[in-house]
Amino acid sequence: MADTVLDKFLRYVVIDTQSKEDSESYPSTSKQFDLLNLLVKELKDLGVPQVSIDQYGYVMAALPANVSTKVASIGFVAHVDTSPEVIGANVKPQIIKEYKGGDIVLPGDSNIVIRESENPTLKTALGKMIVTSDGTTLLGADDKAGIAIIMTAVQQLIANPKIPHGEIKIGFTPDEEVGAGTKFFDIKKFGAQFAYTLDGDTTGELNKETFSANSCLITVFGRDIHPGSAKNIMVNSVRVISDIISRLPKNQAPETTEGYEPYIHPYVLEGGAGKSTVKILFRDFKTAGLDDLKKTVEKVVAEVQPLYPKSKIEMQVTELYRNMKEGLEKETRVVEYLDEAVKRSGLHPVWTPIRGGTDGSRLTADGLPTPNIFTGGANYHSRTEWINVWGMEKAVETVLNLLQIWVEKSK
Ligand SMILES: [Zn+2]
C-alpha cells in the first residue's frame, strides 16, 4: 500500500525542527537537518532524478517534463521549521477518525481546548479526520502539511506517468518562521519560472497578498544600583519601557484588528533595571503605511523620553518582507491557473489577504512569482493547532490539477 499524505505528515511532525530567533548560524538550529536530510532520502527513494541539499539546508529537486509541448517550469515550496513561540519537541499527534462536532479537549493538558466557538472552520471538518497535538506542544502542520502534500503529489506523479506536466521544481527551506526562509535561497539554481508555496491554512483558501513587514527594536538604557541606596540615582529602565508599551495604540494591535487593518505588536520584552528591550512588529498591506506605524512609535518615544531624562531610549527599524501583490499583478496566469485548479478539485476558491508573510513574499519580490496554497490546517503557532486530513488531500489534488492546467494552456 502506498504511503498516504497522512502517513507522511505523521512521520514529519514527530521530528523536532523548531527554528530560533537571533541565531548566529544558518539554519538557526541544526536539528532542521534531521527532516531536510530525510526528505533528500525520500525524494531519492521515490525515484526523483535530481535531488540536492546545500550547506544552508535548502533541499532542491527537479522532475523532468513528460510532455513535448513547451511548458513553464513550476516550483513548489514548503518550509521544514516550526515556530520558536511554542515547543515543537516530542509532538504526539492525536487522530480523531471522525470529528462529530463540539469542543476538543486535548489529552495531554485538559486546559488546552480547541473550541468550536473559536474555530468556525471546524464545521468543514464534520465527519472528517482531524489531527491535533496532545496539547503540550504545537502540531507542526505549519508547514509539515505543505511538505507532506508536495511529497505526495510527487509520489502520485511518478506512480501515474499519464498525468501530463511540465518540469517541476521542488524546494524545501529552513528558517521561514524566523523570517529567513529565503535568505540564501538561490532562485536561479532553483530554476522555476513560477512557484507556489504550500503554507496556507483553511481548505480552499489561497493567498496572493501578504502584509508588508518591518521589525522594530526599542532599547532603554537606565542606571542600576542597589535599591537600598538608589534614591535620586537609579534610573529603572523597566519602568521606562513599560510606560512606552502602555502608550502603544490598543486599537492597532493584532488582537483588535483583522482583514486589511495594520498593527503594531510588541511581542518580546526582556531586561532588568539597567537595560530593557522590546521587540515590536509593524505590519501593513500598504508598504507606505509602515512609515506611519514607525511615526506612531516615534511619537510615543518622544513623549516618554522627557519623563525620564536620565534614561536613554534607542529605536531601530529593520525591513522584513513586502506584500507580494505587486509582483503577482505582473503575471496574472500564476494566480488564474491556481484559481481554476482549486475549482477542478471541487472547492470554491477564496482569496484572502495573509496577515503575515510567507517564503513567497520574498521570492515574489525577487522575481519569482509565488502565491500561496492552503494545506487544511488551523491555529498555527499554538498548542491548539489542528489539521483536516481531507484538506491535505484536496491540496494534493489541486497541485496535480494545476500542473495539468499549465500544460493545457501552453498548447
Ligand atoms: Zn508556515
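Things worth noting here:
- Unique match (being out of contact with any helix residue (DSSP H, G or I) (no Cβ under 8 Å at 6 or more places or on another chain), open to solvent by 10 Å² or more (accessible area, probe 1.4 Å) and modelled with pLDDT of 95 or more) among ASN379, ASN401: ASN379
- Listed by position, the strands (runs of 3 or more DSSP E) contained in the stretch 153-263 that have at least 2 residues being more than 16 Å from the ligand (Cβ to nearest atom) are 168-173, 212-221.
- Checked against the criteria, VAL278 does not count as touching a Pro at 6+ places or on another chain (Cβ under 6 Å), surrounded by 14 or more Cβ atoms within 10 Å (Cβ to Cβ) and farther than 12 Å from ILE244 by Cα.
- Criterion: within 16 Å of the ligand (Cβ to nearest atom) and either open to solvent by 60 Å² or more (accessible area, probe 1.4 Å) or under 14 Å from VAL154 (Cα atoms) (or both) - qualifying residue of VAL51, VAL77: VAL77
- Close pairs (7 angstrom Cβ cut-off, 6 or more residues apart or separate chains): more than 15 Å from TYR321 (Cα to Cα) in the stretch 342-366, part of a loop (DSSP other than H, G, I, E, B) and open to solvent by less than 70 Å² (accessible area, probe 1.4 Å) anywhere: VAL342/GLY204; VAL342/PRO349; LYS343/PRO349; LEU347/THR203; LEU347/GLY204; HIS348/GLY204; PRO349/GLY204; VAL350/GLY204
- Of all the residues in the stretch 240-260, those that are surrounded by fewer than 16 Cβ atoms within 10 Å (Cβ to Cβ) and farther than 18 Å from VAL304 by Cα number 8.
- VAL71 vs. criteria farther than 23 Å from TYR26 by Cβ and within 16 Å of the ligand (Cβ to nearest atom): no
- Test result for ALA341, more than 16 Å from the ligand (Cβ to nearest atom), open to solvent by 30 Å² or more (accessible area, probe 1.4 Å) and aliphatic (A, V, I, L, M): no
Let's see how each residue does on (1) of a type in the set (Phe, Trp, Tyr); (2) closer than 30 Å to SER237 by Cβ; (3) in a loop (DSSP other than H, G, I, E, B); (4) within 15 Å of the ligand (Cβ to nearest atom):
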| site | (1), (2), (3), (4) |
| --- | --- |
| LEU320 | no, yes, no, yes |
| LEU328 | no, no, no, no |
| GLU336 | no, no, no, no |
| GLY357 | no, no, yes, yes |
| GLY360 | no, no, no, yes |
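- Against the numbered list (1) of a type outside the set (Lys, Arg); (2) within 16 Å of the ligand (Cβ to nearest atom); (3) assigned to a loop (DSSP other than H, G, I, E, B); (4) open to solvent by 10 Å² or more (accessible area, probe 1.4 Å), ASP142 comes up short only at (3).
- Counting only strands (runs of 3 or more DSSP E) that fall entirely inside the stretch 37-79 and contain at least 2 residues that are within 21 Å of the chain's Cα centre (by Cα), the qualifying elements are 59-63, 74-79.
The values are calculated or read from the model by the stated rules, or taken from the named source; none is laboratory data. Bear in mind the structure is a predicted one, so any value in this text is a computation, not a measurement. Cβ coordinates were reconstructed from backbone atoms using ideal geometry, including for glycine residues, and neighbour counts include every protein chain displayed. Side chains are part of the model used for accessible areas, which takes the heavy atoms of the whole protein and leaves out ligands, DNA and RNA. Shrake-Rupley method; radii C 1.70, N 1.55, O 1.52, S 1.80 Å.
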